[in-house]
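A.B. asks: First the structure, which I've put down as structure tokens, then a few questions once you've had a look.
The values are calculated or read from the model by the stated rules, or taken from the named source; none is laboratory data. Since the model is a prediction, treat every value here as computed from it, not as a measurement. When we count neighbours, we look across all protein chains shown, and the Cβ atoms used for this are built from the backbone with ideal geometry, even at glycine.
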Ligand code: ADP
């Protein structure tokens, strides 16, 4: 059996998530997280053979050192000989990337050019690519973009009603994110439900710390709730999602907010956290709401109402609905949120099955409604597997 292991890297500004995936069996052989990089107490946590371990790093150690330690670890665990590629999650591919790409100097230049659209993410992704290229110079490196799946959207769906030159000259348009997850769960749902991919109407709700909904017609993304940045759309853990853009002016003119303060307000202090004044964590919100915390209950209600409204809106581009998919930490585990959202959508013919809803948690998939057409279904996402699979396919093409 030819070797088929792929190292998957997901590099953030102060973190590095990694995994080694066997793309034939789908097994995750190693997984871990280097965190607080560049800070006083960075560390690497990893899991191998069910065993959890910790590697302490020195103060201020950053991505380069974390990757050097990861290389040592991979060798020490004898996982290096079967590696065929490194797959990198890249947040923003702009309009340039409609699919995953073998990393070449041209690809690096294109990712760099797109950095203005994702100033927090793309530079961090590039750091990971650079460090991995020097550490694994013998392996093909592949970039997998969060935005690529949504490049099938039409101008009707992706353009803002702003002066057209802002789009033409500066690329201001909707791009969408979580594409790897939406692509994975929609393909899985189509298989599980035995739908005809070329004649299917699916909506996927990826609900984690960030949340987005995508309308997928005949296997292709036709609309999605996130926009030029991952701030647009749904209520999220700490992000506001859609608000009246006029609020920006009110905050600056009347309340003396700076642009930077508004950015922090909308990205870090809003959403479930902002409404509840308690937590951004859905579990805490649910538990507190059940204990009578009124703002937690309100946060939950607003989250579900806005989500249901967005799902209903996406029936327009689809012209109907075969399946509504729930995924991500909240979508895969919160029977409470799923039941509330499905109740809002009863006019579409959806009705929750309480037993099935409770059964589909903690990694279990399955239909959670009484009906199968249309239905709501839980499908655990697996972005690492998607990245590994794309990387393995592109690496094979190079041979
Ligand atoms: P990320 O977007 O960072 O990958 P996740 O997909 O892991 O995040 O989702 C994190 C969210 O999932 C948190 O709000 C967490 O509270 C929520 N979550 C995890 N388990 C449960 C659960 N059992 N019930 C409700 N929410 C849950």
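A.B. asks: Could you check, for the stretch 131-153, whether at least one of its residues is touching a residue at least 60 places away in the same chain (Cβ under 8 Å), in contact with a helix residue (DSSP H, G or I) (Cβ under 8 Å, 6 or more places away or on another chain) and farther than 25 Å from residue 387 by Cβ?
C.D. replies: Among the residues of the stretch 131-153, not one is touching a residue at least 60 places away in the same chain (Cβ under 8 Å), in contact with a helix residue (DSSP H, G or I) (Cβ under 8 Å, 6 or more places away or on another chain) and farther than 25 Å from residue 387 by Cβ, which makes the answer no.
A.B. asks: Only one of 242, 194 is over 20 Å from residue 323 (Cβ atoms) and either assigned to a helix (DSSP H, G or I) or out of contact with any strand residue (DSSP E or B) (no Cβ under 8 Å at 6 or more places or on another chain) (or both); which?
C.D. replies: Answer to the check: 242.
A.B. asks: Now a separate question. Considering only the stretch 347-399, state which residues are at positive phi and within 15 Å of the ligand (Cβ to nearest atom).
C.D. replies: 362, 363
A.B. asks: Looking for something assigned to a loop (DSSP other than H, G, I, E, B), under 18 Å from the mean Cα position of the chain (by Cα) and in contact (Cβ under 8 Å) with a residue 40 or more places away in the chain - is there at least one such residue anywhere in the stretch 165-173?
C.D. replies: no
A.B. asks: Out of (1) part of a loop (DSSP other than H, G, I, E, B); (2) surrounded by fewer than 22 Cβ atoms within 10 Å (Cβ to Cβ); (3) in contact with a strand residue (DSSP E or B) (Cβ under 6 Å, 6 or more places away or on another chain), what's the single condition that is false for residue 234?
C.D. replies: Going through (1) part of a loop (DSSP other than H, G, I, E, B); (2) surrounded by fewer than 22 Cβ atoms within 10 Å (Cβ to Cβ); (3) in contact with a strand residue (DSSP E or B) (Cβ under 6 Å, 6 or more places away or on another chain) one by one, residue 234 breaks only (2).
A.B. asks: Right, something else. Test of understanding: among 117, 126, which residue is closer than 17 Å to residue 12 by Cβ, in contact (Cβ under 8 Å) with a residue 40 or more places away in the chain and within 20 Å of the chain's Cα centre (by Cα)?
C.D. replies: Of 117, 126, the one residue that is closer than 17 Å to residue 12 by Cβ, in contact (Cβ under 8 Å) with a residue 40 or more places away in the chain and within 20 Å of the chain's Cα centre (by Cα) is 117.
A.B. asks: Also: Do any residues in the stretch 201-224 that are closer than 22 Å to residue 337 by Cα have Cβ atoms under 6 Å from those of residues that are in a loop (DSSP other than H, G, I, E, B) and within 12 Å of the ligand (Cβ to nearest atom), where the two are at least six apart or on different chains, and which pairs are they?
C.D. replies: Short answer, once both residue conditions are applied: 206/178; 209/237; 210/230; 210/236; 211/236; 212/178.
A.B. asks: Spot the failing condition for residue 6; the list is (1) assigned to a strand (DSSP E or B); (2) surrounded by fewer than 17 Cβ atoms within 10 Å (Cβ to Cβ), and only one is missed.
C.D. replies: (2)
A.B. asks: Moving to a separate point now. Within the stretch 8-34, count every residue that is touching a helix residue (DSSP H, G or I) at 6+ places or on another chain (Cβ under 9 Å) and under 21 Å from residue 123 (Cβ atoms).
C.D. replies: 12
A.B. asks: Could you say whether any residue in the stretch 289-306 is more than 21 Å from residue 190 (Cα to Cα), away from the ligand (no atom under 16 Å from the Cβ) and within 24 Å of the chain's Cα centre (by Cα)?
C.D. replies: Yes, the stretch 289-306 contains at least one residue that is more than 21 Å from residue 190 (Cα to Cα), away from the ligand (no atom under 16 Å from the Cβ) and within 24 Å of the chain's Cα centre (by Cα).
A.B. asks: Next question, about the same structure. With the requirement that a residue be on the phi > 0 side of the Ramachandran plot and touching a helix residue (DSSP H, G or I) at 6+ places or on another chain (Cβ under 9 Å), what does the stretch 37-62 give you?
C.D. replies: 38
A.B. asks: Going residue by residue through the stretch 103-110, is there one that turns out to be in contact with a strand residue (DSSP E or B) (Cβ under 6 Å, 6 or more places away or on another chain) and assigned to a loop (DSSP other than H, G, I, E, B)? Spell out how you get there, then give the answer.
C.D. replies: Looking only at the stretch 103-110, we keep the residues that are in contact with a strand residue (DSSP E or B) (Cβ under 6 Å, 6 or more places away or on another chain), and these are 103, 107.
Retained after the next criterion (residues that are assigned to a loop (DSSP other than H, G, I, E, B)): 103.
The answer is yes, given that some residue of the stretch 103-110 is in contact with a strand residue (DSSP E or B) (Cβ under 6 Å, 6 or more places away or on another chain) and assigned to a loop (DSSP other than H, G, I, E, B).
A.B. asks: Take the stretch 18-48 and flag every residue that is touching a strand residue (DSSP E or B) at 6+ places or on another chain (Cβ under 9 Å), closer than 15 Å to residue 67 by Cβ and surrounded by fewer than 19 Cβ atoms within 10 Å (Cβ to Cβ).
C.D. replies: Listed by number, the residues that qualify are 33, 35, 43.
A.B. asks: Identify the residue in the stretch 269-278 that is within 13 Å of the ligand (Cβ to nearest atom) and in contact with a helix residue (DSSP H, G or I) (Cβ under 6 Å, 6 or more places away or on another chain) and, among all such residues, is nearest to residue 330 (Cα to Cα). Outline the logic, then answer.
C.D. replies: The initial filter retains those residues of the stretch 269-278 that are within 13 Å of the ligand (Cβ to nearest atom), namely 271-273, 276, 278.
Of the ones still in play, those that are also in contact with a helix residue (DSSP H, G or I) (Cβ under 6 Å, 6 or more places away or on another chain) are 272, 276, 278.
Details: 272: 12, 276: 17, 278: 17 Å.
The qualifying residue nearest to residue 330 (Cα to Cα) is 272.
A.B. asks: Got a sec? Which of 315, 342, 336 is touching a residue at least 12 places away in the same chain (Cβ under 8 Å) and surrounded by 20 or more Cβ atoms within 10 Å (Cβ to Cβ)?
C.D. replies: 342
A.B. asks: Check residue 184 against each of (1) in a helix (DSSP H, G or I); (2) in contact with a strand residue (DSSP E or B) (Cβ under 8 Å, 6 or more places away or on another chain); (3) buried (at least 23 other Cβ atoms within 10 Å of the Cβ) and name the one condition it does not meet.
C.D. replies: Every listed condition holds for residue 184 apart from (2).
A.B. asks: Looking at the stretch 253-267, can you tell me whether even one residue there is touching a helix residue (DSSP H, G or I) at 6+ places or on another chain (Cβ under 6 Å), crowded, with 20+ Cβ neighbours inside 10 Å, touching a residue at least 24 places away in the same chain (Cβ under 8 Å) and closer than 30 Å to residue 343 by Cβ?
C.D. replies: Within the stretch 253-267, none of the residues are touching a helix residue (DSSP H, G or I) at 6+ places or on another chain (Cβ under 6 Å), crowded, with 20+ Cβ neighbours inside 10 Å, touching a residue at least 24 places away in the same chain (Cβ under 8 Å) and closer than 30 Å to residue 343 by Cβ.
A.B. asks: Filter the stretch 314-340 down to the residues that are away from the ligand (no atom under 16 Å from the Cβ) and over 21 Å from the mean Cα position of the chain (by Cα) and list them by number.
C.D. replies: Of everything in the stretch 314-340, those that are away from the ligand (no atom under 16 Å from the Cβ) and over 21 Å from the mean Cα position of the chain (by Cα) turn out to be 315, 316, 317, 318, 319, 320, 321, 322.
A.B. asks: Still on this model: Taking the stated definitions as given, is residue 387 modelled with pLDDT of 95 or more, in contact with a helix residue (DSSP H, G or I) (Cβ under 8 Å, 6 or more places away or on another chain), surrounded by 22 or more Cβ atoms within 10 Å (Cβ to Cβ) and within 17 Å of residue 213 (Cα to Cα)?
C.D. replies: no
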